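The values are calculated or read from the model by the stated rules, or taken from the named source; none is laboratory data. These figures come from a predicted structure and were not determined experimentally. Cβ: placed from backbone, ideal geometry, glycine included. Neighbour counts: every protein chain shown.
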Amino acid sequence: MIRAFFMVMRRELTVAVRRWSDLVMPLVFFIIVCTLFPLAVGQDIEILNDIGPGAIWVAALLATLLSLNTLFRDDFEDGSLEQLVLDKEPLTFLLLAKTVAHWLVTGLPLVVLSPVLVLAFGMPVTAIPGVVLTLLAGTPALSLLGSVGAALTAGLRQASGLLALLLLPLTIPVLIFGARAADMAASGESIVGPLYMLGGISMLALTLTPFATAAAVRVSLD
Amino acid sequence: MDTASYRLEWRELALWRGDRCLQSGLNGQLEAGQALTVRGPNGCGKTTLIRTLCGLSQPETGEILWQGIAIHRNRPDLHANLAYAGHSNGLKGDLSTRENLRFAAVLRGRHTNQNELLHGLRLTDCADLPTRNLSAGQRRRAALARVLGSGAQLWILDEPFTNLDAAGIEWLGIRFNHHLSLGGLLLMAAHQASQVDPDRETVLDLPGINA
């Protein structure tokens, strides 16, 4: 089972690396959305400081959403998803492996890039660890919740709008705690409370969503 | 190898697609060493039947038994013994044939001699190219290589001969008969002659809708 888990992950990562343009797009989107704020709001450093944490989190959420479209779509179309469903290993684990790989190629790069954006918003250097930690604790929940929506909409055309409608309400708690914690980090307060909450949401998502994703994939294929 | 007991059975199946009834009252069984070929006009529910029998789709009514146990309760055992190739080949276009086959083999926990299979299917020359660069026939061969190398007892194939050339069809026929002679089970939908030894083959002719 563990072997199958890592094999699926390895395949996902190999495919992702070979289609690096798909990989880069959410990242570029993340950066562009963040750079739009200074252009739209103006160069008042006070205001940018205030909206920075929230803007980074909204951009991270939208970038994740953008990348989720293809999580199961390609596999659905080329028949790989059928093969996973018919595999002797539990579907729940195989799909979790796919989701983990998805986080590694989209969520993790967002986390890695975020310090640059923290500085771009003129927030203090001391805010960087806090913002990075909130994204690190929160983005897994986004990928996991997203996998349920992506599985439900895998077989539909024009699914991206529906996916956004399904997912955005579910991700609101993550956004609230994430942005609040990032904000507290920027103003030098302790972020332990909201960070625990984010980690809790991610753990809850890790334990519950794989089953929902597996069920949704079966429904999509029926 | 004790294969005598492998058995797939279905009772009173009714197949629906959307709000149309495709087939109803289907009964049948498949035992070790037997082949069942599903025939019928386009749109009569061949693919739906095939997908239902391997558990991808739910039948509207009726039940499917593997080893005498309903398949939704016996999934691990069914899946451990099943190799399926549907309309879509189940290959990742960015990976080579070798990588695709290796992935399938590791998931099955099985090491097969890829080279022999690739040679038999005349895929050796293009085994390291991404499968998206292969022709439709070559991709079909790669998908069949996955089934042939799976070591599974039950092969369920949806139109395996599509896009294959004459030599490929003949070679596949030989492999089918070999599989059956070892006590394997074979279920396929096909428009062409199935190449299977007539003694081992049952043909299920599905009537067209409105017929």
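Hey, any hits in region A:33-41 for a residue that's farther than 21 Å from A:VAL100 by Cα, touching a residue at least 12 places away in the same chain (Cβ under 8 Å) and touching a Phe, Trp or Tyr at 6+ places or on another chain (Cβ under 6 Å)?
No, there is no match, as no residue in region A:33-41 is farther than 21 Å from A:VAL100 by Cα, touching a residue at least 12 places away in the same chain (Cβ under 8 Å) and touching a Phe, Trp or Tyr at 6+ places or on another chain (Cβ under 6 Å).
Only one residue in A:MET1, A:MET9 is within 14 Å of chain B (Cβ to nearest Cβ) and at pLDDT below 90. Which one?
A:MET1
Pairs, please: C-beta under 6 Å, at least 6 apart or cross-chain, first residue within 11 Å of chain B (Cβ to nearest Cβ) and in region A:12-25, second in a helix (DSSP H, G or I) and surrounded by 11 or more Cβ atoms within 10 Å (Cβ to Cβ)?
A:GLU12/A:LYS98; A:GLU12/A:ALA101; A:ALA16/A:LEU23; A:ALA16/A:VAL105
Over 25 Å from A:LEU162 (Cα atoms), in contact with a Leu (Cβ under 9 Å, 6 or more places away or on another chain), within 14 Å of chain B (Cβ to nearest Cβ) and crowded, with 20+ Cβ neighbours inside 10 Å, is that true of A:LEU81?
no
Evaluate region B:160-176: report whether one residue or more is out of contact with any Ser or Thr (no Cβ under 9 Å at 6 or more places or on another chain), crowded, with 20+ Cβ neighbours inside 10 Å and at positive phi.
No, region B:160-176 contains no residue that is out of contact with any Ser or Thr (no Cβ under 9 Å at 6 or more places or on another chain), crowded, with 20+ Cβ neighbours inside 10 Å and at positive phi.
Among (1) within 14 Å of another protein chain (Cβ to nearest Cβ); (2) over 26 Å from A:PHE93 (Cβ atoms); (3) buried (at least 20 other Cβ atoms within 10 Å of the Cβ); (4) in contact (Cβ under 8 Å) with a residue 40 or more places away in the chain, which single condition is B:LEU121 missing?
(1)
Does any residue in region B:85-97 that is within 7 Å of chain A (Cβ to nearest Cβ) come within less than 8 Å, Cβ to Cβ, of a residue that is in a strand (DSSP E or B) six or more places away or on a different chain, and which pairs are these?
B:GLY86/B:ASP158; B:GLY93/B:PRO130; B:ASP94/B:PRO130; B:LEU95/B:PRO130
So A:ALA40 ticks every box in (1) within 14 Å of another protein chain (Cβ to nearest Cβ); (2) surrounded by fewer than 16 Cβ atoms within 10 Å (Cβ to Cβ) but one. Which box is left unticked?
For A:ALA40, the failing item is (1).
So in region B:9-29, with the set limited to residues that are within 22 Å of A:SER220 (Cβ to Cβ) and touching a residue at least 60 places away in the same chain (Cβ under 8 Å), which one is surrounded by the most Cβ atoms within 10 Å (Cβ to Cβ)?
The residue in question is B:LEU22.
So which residues in region B:88-119 are basic (Lys, Arg), under 24 Å from A:TRP20 (Cα atoms) and in a helix (DSSP H, G or I)?
Scanning region B:88-119 gives B:ARG98, B:ARG102.
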